[in-house]
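Trainee: Before I ask anything, let me first share the structure, which is written out below as structure tokens.
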Amino acid sequence: MSERLKNRHVLLTGAGGGIGLAVAEACIAEGARCSVVDRAVAAPEAVRALQQQHPDKLAYIAADVTDTQAIAHMLAEAKVAFGPIHTLFNNAAVFDLAPLLDSDEASFDRLFAVNVKGMFFVMQAVLRHMVEAGTQGASVINMASQAGRRGEALVSHYCATKAAVISYTQSAALAMAPHGIRVNGIAPGVVDTPMWDHVDSLFAKAEGLPPGEKKRRVGLEVPLGRMGVPADVAGAAVFLASDEARYITAQTLNVDGGNVMS
């Protein structure tokens, strides 16, 4: 442990498991205190386990990021738990797919409500707090995706939401630069989390594949020869949150094993 985030407060959305919780664990290992946010009313088992290991460094907050009142409540709870926020890891997201001609309004609304509206208004609320608090070394990390770098025939809405994340990251970085607040993104490739089991099942239905086949194929197609794991993203997040990245802003870092070159 190098304590790169010593005494910093990191707020993480969509952190009940998978990448979000892995980032929280990595931040705690680097000396941070973490407010972990997810939709579940009670903390998921994995969060409770990490909280038992670090009772003075992790607080769980239940919130729906599509509800602006819930966002205000989330922020208030986080400030009570650990004081001013130094870093936002803006991770809450949902996934869906459908052939373009069959895609319905309900799927569109749900994806944009969480992945774009929720992402933006959480970011806005936290940035406003950072400006008012004058937090030194403050930063935001928005979770995009390799899907935001290109279109995909079955995944049009999700790709569009993640492209929006990249665009909002750039705009927010320019707006916050005079305040000394950095805003960056991470665009993961295929990462082996429980969410990918859901993704695999959707592709299996849409493409007529046996369960597990899509997951196997996408792993083999990665230039480095495997799917990522949450720790791969956690390392990038800790770097972007730390002073080592103090001259980096308005960037979206590809963490995808070489899938996308930019």
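Trainee: If we keep just the residues of the stretch 79-118 that are in a strand (DSSP E or B) and not hydrophobic (A, V, I, L, M, F, W, C), which is farthest from VAL65 (Cα to Cα)?
Mentor: THR87
Trainee: Okay, moving on. Failed condition for LEU154, given (1) part of a loop (DSSP other than H, G, I, E, B); (2) in contact with a Lys or Arg (Cβ under 6 Å, 6 or more places away or on another chain), with all others met?
Mentor: All conditions are met except number (2).
Trainee: So which residues in the stretch 130-147 are part of a helix (DSSP H, G or I) and under 15 Å from ASN90 (Cα atoms)?
Mentor: MET130, the sole residue that qualifies.
Trainee: Please enumerate the residues belonging to the stretch 45-78 that are part of a loop (DSSP other than H, G, I, E, B), of a type outside the set (Lys, Arg) and crowded, with 16+ Cβ neighbours inside 10 Å.
Mentor: Selection gives ALA63, ASP64, VAL65, THR66.
Trainee: Let me ask something else about it. Name the single residue that is surrounded by the fewest Cβ atoms within 10 Å (Cβ to Cβ) among those in the stretch 242-252 being hydrophobic (A, V, I, L, M, F, W, C) and closer than 12 Å to GLN170 by Cα.
Mentor: Ranking the candidates gives ILE248 first.
Trainee: LEU174 passes all but one of (1) surrounded by fewer than 18 Cβ atoms within 10 Å (Cβ to Cβ); (2) in contact with a His (Cβ under 8 Å, 6 or more places away or on another chain); which number fails?
Mentor: Result: LEU174 passes all but (2).
Trainee: Same structure, new question: Against the condition of a type outside the set (Asp, Glu), at pLDDT 95 or above and not in a helix (DSSP H, G or I), how does VAL36 come out, does it pass?
Mentor: Yes, satisfied.
Trainee: Then there is this: Considering only the stretch 36-43, I want to know if a residue exists there that is surrounded by fewer than 20 Cβ atoms within 10 Å (Cβ to Cβ) and either charged (D, E, K, R) or touching a residue at least 40 places away in the same chain (Cβ under 8 Å) (or both).
Mentor: Yes: the stretch 36-43 contains one or more residues that are surrounded by fewer than 20 Cβ atoms within 10 Å (Cβ to Cβ) and either charged (D, E, K, R) or touching a residue at least 40 places away in the same chain (Cβ under 8 Å) (or both).
Trainee: Moving to a separate point now. Just one of LYS215, LYS162 is part of a helix (DSSP H, G or I), assigned by TED's automatic domain parsing to the domain that holds ALA32, charged (D, E, K, R) and surrounded by 14 or more Cβ atoms within 10 Å (Cβ to Cβ); which is it?
Mentor: Only one candidate passes the filter, namely LYS162.
Trainee: Among the residues of the stretch 177-212, write down those that are touching a residue at least 60 places away in the same chain (Cβ under 8 Å), surrounded by 19 or more Cβ atoms within 10 Å (Cβ to Cβ) and either out of contact with any strand residue (DSSP E or B) (no Cβ under 7 Å at 6 or more places or on another chain) or among the hydrophobic types (A, V, I, L, M, F, W, C) (or both).
Mentor: VAL183, ILE186, ALA187, VAL190, VAL191, THR193, VAL199, PHE203
Trainee: If HIS54 satisfies every condition in (1) without any contact (Cβ under 8 Å) to a residue 60 or more places away in the chain; (2) under 18 Å from ALA93 (Cβ atoms) but one, which is the exception?
Mentor: Of (1) without any contact (Cβ under 8 Å) to a residue 60 or more places away in the chain; (2) under 18 Å from ALA93 (Cβ atoms), only one is false for HIS54: (2).
The values are calculated or read from the model by the stated rules, or taken from the named source; none is laboratory data. Everything numeric here is computed off the predicted structure, so don't read it as measured data. Reconstructed Cβ throughout: ideal geometry from the backbone, glycine too, with neighbour counts over all protein chains shown.
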